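In what follows, a single structure is set out as structure tokens and then discussed.
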Amino acid sequence: MRRLLHSLIPAFVLLMERSALAGPPPAEPPEPAAQRQMRAQAGRLVGGGHLAEARDVHLSLWRVGQSTLDAFNVGTLSQRIRDYPTAAEYLTLWLDLVGSPEAPVDAVPWTEQDRQKHAQARVDLQAAREHVGALQINVSDPGAEVLVDGRRVGLSPLKVPVFVWPGQHRVSAKLGGVRVERAVSAVAGDEQTVRLVLPASPAEAQGDAARGPRRPPEAPPGASPPAGAGPGRRWLTVGGLAGTSAALAVFGGVAAGIANGAAEERDTALARVQADSVSGCPGGTGCGQFTDADGRAKTWTALSVGAFVGAGLSAAGAAAAYLLLPAGPVRVTTGGAGVQLATSW
């Protein structure tokens, strides 16, 4: 059964290729020879089971010609090789480009084959989005360059979400010499909005940097120390950081246990898929169990690592607060022509 499924996938992609080459719209110019050769190469790669290499060829064709067929093939092949962020990105793009049978973008009526492609794309997109997080990035200024983990994803405003693996990511935008960045945590199957507000102007941002942080006004001689100074602030800070460290360490241990359990479920499901040739991937029950357990294992592993890192940082902060904050209030006294600081540590 698995051999039959793997043989149907290349056959379907080849059918899409041949149908596209056999009946192009009369108004479109013929495809250049170099692109036709690349398309034939992609077909041979699919026929040989080299789906990742074929996907990369279609990705190159998309960047050159912006063909809806290549967007569909990139999304479908990415789904088959489990590159779920790319699959979600290009299937969403393809659905936006072609519309739906009820509201097609082009005036040409849809064939039954077009409807089947549309139905397959929707199923693949729903499956891919269960494994990725969606970031709807809104930037205060249009035309800003938007980056996720240093990779350029487009100019604001972005029409579609950016799909990423679950975990921590850096989202930034830059325009005219100014830049803003945020750290976000993506969750599989979830969508969140990321709002980035750029400074009003580069001159304003540079002026703030040149002036440095504003210094609070000095207290007059003989004034009492501010509320919260001394032992109270020291031990409140140390205790808060130490408590945070302990809580994060406990959560990290729990998350690690859940991740280990999910990993065992994943290994069991994988063994079941490999042993069962009838309900194998894609589409089998064992495959679904494997995918679900694999996603939970990765998510909880990332949460565990983040919790332990946060626990270490909080512990280091507690130690620094204990060493650096004064044990008693700072008293300012004047004597003669000088100023003496009496500090109890």
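The values are calculated or read from the model by the stated rules, or taken from the named source; none is laboratory data. Everything quoted here is computed from the prediction, not taken from an experiment. Positions of Cβ are backbone-derived with ideal geometry, glycine not excepted, and every protein chain shown enters the neighbour counts. To get the accessible areas, we keep the full protein, side chains included, count just its heavy atoms, and leave off ligands, DNA and RNA. Shrake-Rupley method; radii C 1.70, N 1.55, O 1.52, S 1.80 Å.
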**Item:** Accessible-area order (highest first, 1.4 angstrom probe) of the listed residues Val309, Val160, Val238, Val46
**Value:** Val309, Val160, Val238, Val46
**Message:** Please list, by residue number, every one of the trypsin sites (Lys or Arg not before Pro) in segment 142-172 that is coil in DSSP and has at most 14 other beta-carbon atoms within 10 Å.
**Reply:** Lys159
**Item:** Net length gained if the chain between Val197 and Thr268 were fully extended (0.36 nm per residue, minus Cα distance)
**Value:** 20.9 nm
**Asked** In terms of modelled amide H atoms, which long-range or inter-chain residues lie less than 5 Å from the amide H of Ala144?
**Response** Ser156
**Asked** For segment 111-185, what class follows from the C-alpha gyration tensor (a ≥ b ≥ c being the square roots of its eigenvalues): rounded when a/c is under 1.5, otherwise prolate if a/b is larger than b/c, else oblate?
**Response** oblate
**Item:** Whether segment 75-150 is rounded, prolate or oblate, judged on the alpha carbon gyration tensor where a/c under 1.5 counts as rounded
**Value:** oblate
**Asked** So which lysines can Lys117 reach, going by Cα to Cα under 28 Å and dropping same-chain residues fewer than 8 places off?
**Response** Lys159
**Request:** Note down the magnitude of the dipole of segment 63-140 about its Cα centre, charges +1 on Lys and Arg C-beta and -1 on Asp and Glu C-beta and zero elsewhere, to the nearest 20 debye.
**Result:** 200 debye
**Asked** Residue by residue, what Karplus-based ³J(HN,Hα) values in Hz, rounded to whole numbers, does segment 104-117 have, using 6.51, -1.76 and 1.60 with θ = phi - 60° and x for Gly and Pro?
**Response** x, 5, 8, 7, 6, x, 7, 8, 4, 5, 4, 5, 5, 4
**Prompt:** Can you list residues whose amide H is under 5 Å from Glu191's amide H, if they're 5+ apart or on another chain and H is modeled 1.01 Å from N?
**Reply:** Ala134
